[in-house]
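A.B. asks: Here's a structure for you.
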Amino acid sequence: MPDNIQKDKYIKFASSLTATIRKLSLYPLKHPSVIYSIKNLYSMLQEILEAKKAINISLSSDKQLLIEGDSIADKGSKLIEGLAVYFKKLDMESLTFQEGISDKEMEDFIRILMMEPEELKKQGDLNKAFAEKNIKHIKIAQFSYVKIQRGKAALEVDEEKKQLLAELKNKIKDHSRGKIQKPEDLERLQDEIIGLAASEVKDKKILSSSTKNIVKKFLLKLRVRENFFSGLKNALFEAGCQEQEVDEIVDNIEQAIDKKQVFGAKGRGEAGQGQEVLRRENQDLKSRVSRLEKEIETKSTAFEELKREHKKATQEKERIDNIVHHMAEGLVVVDPKGKIIMLNPVAEKLLGIKRDNLGMPLGQAVKDEHLLTMVKNITPDQDGTMQKDIELFSPDESTKRVLRTSSAVVEDHNGKTVGMVTTLNDITRQKEIERMKSAFVANVSHELRTPLATIQQNISLLIEGLPGVLNEAQMKFLNIAGDNLKRLRRLINDLLDSAAIEAGKFKLKISKSDLNERINSVSTFLNRWAQTKNITIETKLLLESEQIEMDNDRIEQVMTNLLSNAIKFTPEGGKIVVSALRREATKEAPQGLVEVSVKDSGPGITEDNLKRIFEKFERGSAVNSGIGGTGLGLSICQEIIKMHGGEVWVESKLDEGSTFSFTLPRALGIVL
């Protein structure tokens, strides 16, 4: 039996095991609190295993936790009671930690305990899960269950084994009454008991209490036990046990026999046997003292190592603090409740808060309502980050600031948001430069419109022959000049539209219009161009014409852009399909949607270009194909469709063509 000091260590270990499991249910595995708890638990276990090669925790038939066969129900805290829950959930009868266990095995073991029974069934069972994680120094034995009439679970003992146990008990009684005296009969009984024990260890990696009782009863009736233990060791080795495991099982049986003999000696007055047991216990006590001396020496070395690790961790923390403190960007870290747990001086300055606000909800510490988006309506991108530009208004235009926030959402192992890290950049100057650039482009484009219109008019007059008849060469050059002039005017119009969108001055003129008519109008207008390349344009319109609320000119602009691009990139003899169909209602469009698609048979778009195709000045595969373009058309199309409450996207594969699609709500909810 373990002494009081060892019992205290067992109880602390069981409590720490339960606390670590609960922390892992609240925090991710890499959380500092969880990492520290696992290291502390592993350190406790190593301290126990230095004095004892293994420690066994089991669940009794009355659902009480036993450590090394000793009940701890009235000695531990409520935490220990929580450990029994995990035993019951995973149907564990006993759990043994053996000498040589690594911290990785401990970490993987705790993660397996956290698994739900359904998840564990997918992997097979606990033993398969242990084998997959290469957990060799933690052994388990599980209950098997049958359903009874009331629907409750009861421990099921194999009938064949139950019958064998009953027969062995009767034979041991016959031996004690003198009915079994022949050496061959006694040897046969001994072989049966050894076979039962070895078979059970091979199957369950541990002896059950019922088998232990059979072994103890038999050994108490034997005068010479060396042959039994020798046979038991050989059988255990043949069952695949390691030398350490065999020694542990035999030692446990010997200790149980010695304890039984001491109490028996007191009851029967057999002082000689009691003295022999006391002599063994005295020898065991000396061995423990020797182990304790070695343990103190080991602990002293471990303490020095801990001091070095603590110093190293402190230096690492100081290094990280210095990096955060001197970052050029502002840094804010909030917990699941939005409370500030870390910020650097740059963030203090940008947000107008102080270090005294640590622990306060960000919504209370930051007064500017625009910054509250950092803790509200978190909608991260696919990579888990979120970017947003926030403009801080001020009565004085010269003090107005623009911040760019980049946030990464922190999630636990269940995918639940538990906090967020946000960096802040002051991009006021950058935004001002962009505004000046856009204003310059818009002004220049606007100034170019008048002379271009004059040139266009004069070229038209020349082509019509008003100044005089032109020869064929002159007509050719004038037509080329006219075409390039039209391209230049489209470029200027795109630049002006882009500038209007950036300035927020781009407006829609909504009216009810027939979508089929708009599609037919654009297709007919561009069909002449398509025929020059022997390209077929096929239209699949709505089965029933429908009046859609939209800006006619802008939707025709979108259709013209998409169909023009399709004609540009479709090779001669190709085919383009323009289709329209109805879509089901959504929360944003309760009256339903209409989807329009333009599918070409061109070369397709690379995956890298697909990600940027709707950005300004992005021309997709036009750069490599020699086909010109401003790179503004698709970005303008995207803004027009968004202003209508729809979406635009592209699907493409190399050498298989591209399909550009957009949706429009059937009704915008606007009073016309």
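A.B. asks: Hey, what do the phi angles of the stretch 527-543 turn into as Karplus ³J(HN,Hα) couplings, whole Hz, using 6.51/-1.76/1.60 and θ = phi - 60°, x for Gly and Pro?
C.D. replies: 5, 4, 5, 4, 5, 5, 10, 6, 9, 9, 10, 10, 10, 10, 8, 4, 4
A.B. asks: With a ≥ b ≥ c taken as the square roots of the eigenvalues of the C-alpha gyration tensor of the stretch 558-623, please select rounded if a/c is under 1.5 and otherwise prolate if a/b is larger than b/c or oblate if it is not? Mind dumping the intermediate values first?
C.D. replies: Working: a/c = 2.67, a/b = 1.55, b/c = 1.73.
Oblate is the answer for the stretch 558-623, as a/c is 1.5 or above yet b/c matches or exceeds a/b.
A.B. asks: Rounded, prolate or oblate: which one fits the stretch 485-573, using the alpha carbon gyration tensor with axes a ≥ b ≥ c (rounded when a/c is under 1.5, else prolate when a/b beats b/c, else oblate)?
C.D. replies: Oblate, since a/c reaches 1.5 and b/c is not below a/b.
A.B. asks: Moving on. With a ≥ b ≥ c taken as the square roots of the eigenvalues of the C-alpha gyration tensor of the stretch 500-541, please select rounded if a/c is under 1.5 and otherwise prolate if a/b is larger than b/c or oblate if it is not?
C.D. replies: oblate
A.B. asks: Considering amide H positions built from the backbone, and no H for Pro or chain starts, which residues 5 or more places from V410, or on another chain, come under 5 Å of its amide H?
C.D. replies: The answer is V418, G419, M420, V421.
A.B. asks: Please report the antiparallel percentage of DSSP beta bridges with both residues in the stretch 444-594, rounded to the nearest 5. Display every interim value, and only then the final one.
C.D. replies: On the way: 6 of 11 bridges.
For the stretch 444-594, the DSSP antiparallel bridge percentage is about 55.
A.B. asks: Based on C-alpha coordinates, I'd like the Rg and Dmax of the stretch 294-371, in Å.
C.D. replies: 19.0, 64
A.B. asks: Just need the Rg to Rh number for the stretch 531-662, please, alpha carbons only, Kirkwood Rh.
C.D. replies: Rg divided by Rh gives 0.96.
A.B. asks: I'd like the Karplus ³J(HN,Hα) series for the stretch 236-248: coefficients 6.51, -1.76, 1.60, θ = phi - 60°, whole numbers in Hz, and an x wherever there's a Gly or Pro.
C.D. replies: Once θ is set to phi - 60°, the couplings for the stretch 236-248 become 5, 5, 5, 7, x, 7, 7, 4, 4, 5, 4, 4, 5 Hz.
A.B. asks: Which pairs in the list K53/K136; K509/K611; K611/K642 are over 25 Å apart, alpha-carbon to alpha-carbon?
C.D. replies: Flagged as over cut-off: K509/K611.
A.B. asks: Continuing with this model, one more query. Straight-line reach from K317: which lysines fall under 16 Å, measuring Cα to Cα and dropping same-chain residues less than 8 apart?
C.D. replies: Partners found: K307.
A.B. asks: Within a Cβ distance under 15 Å of I548, other residues only, what is the Lys/Arg minus Asp/Glu net charge?
C.D. replies: Overall, the nearby charge balance is -2.
A.B. asks: Follow-up. Two decimals is fine: what's Rg over Rh for the stretch 163-217, C-alpha atoms, Kirkwood radius as Rh?
C.D. replies: Reported Rg/Rh, Kirkwood definition of Rh: 1.00.
A.B. asks: I've got another one for you. Tell me the net charge near K299. Cut-off is 13 Å between Cβ atoms, K299 excluded, with +1 for each Lys or Arg and -1 for each Asp or Glu. Don't skip to the answer; put the middle values down first.
C.D. replies: Numbers: positive: K9, R291, K294, K307; negative: E47, E50, E293, E295, E297, E304, E305.
Value of the local net charge: -3.
A.B. asks: May I pose another question? Need the list of lysines near K88 for cross-linking: C-alpha distance under 20 angstrom, and skip anything on the same chain fewer than eight residues off.
C.D. replies: In chain and number order, the partners are K23, K63, K78, K121, K122, K128, K139, K147, K152, K204, K205.
A short reminder: the numbers here are calculations on the coordinates, not readings from a lab. Fair warning: this is a prediction, and the values are worked out from it, not measured in the lab. Because the Cβ atoms are built from the backbone with ideal geometry, glycine has one as well, and the counts that use them run over all protein chains shown.
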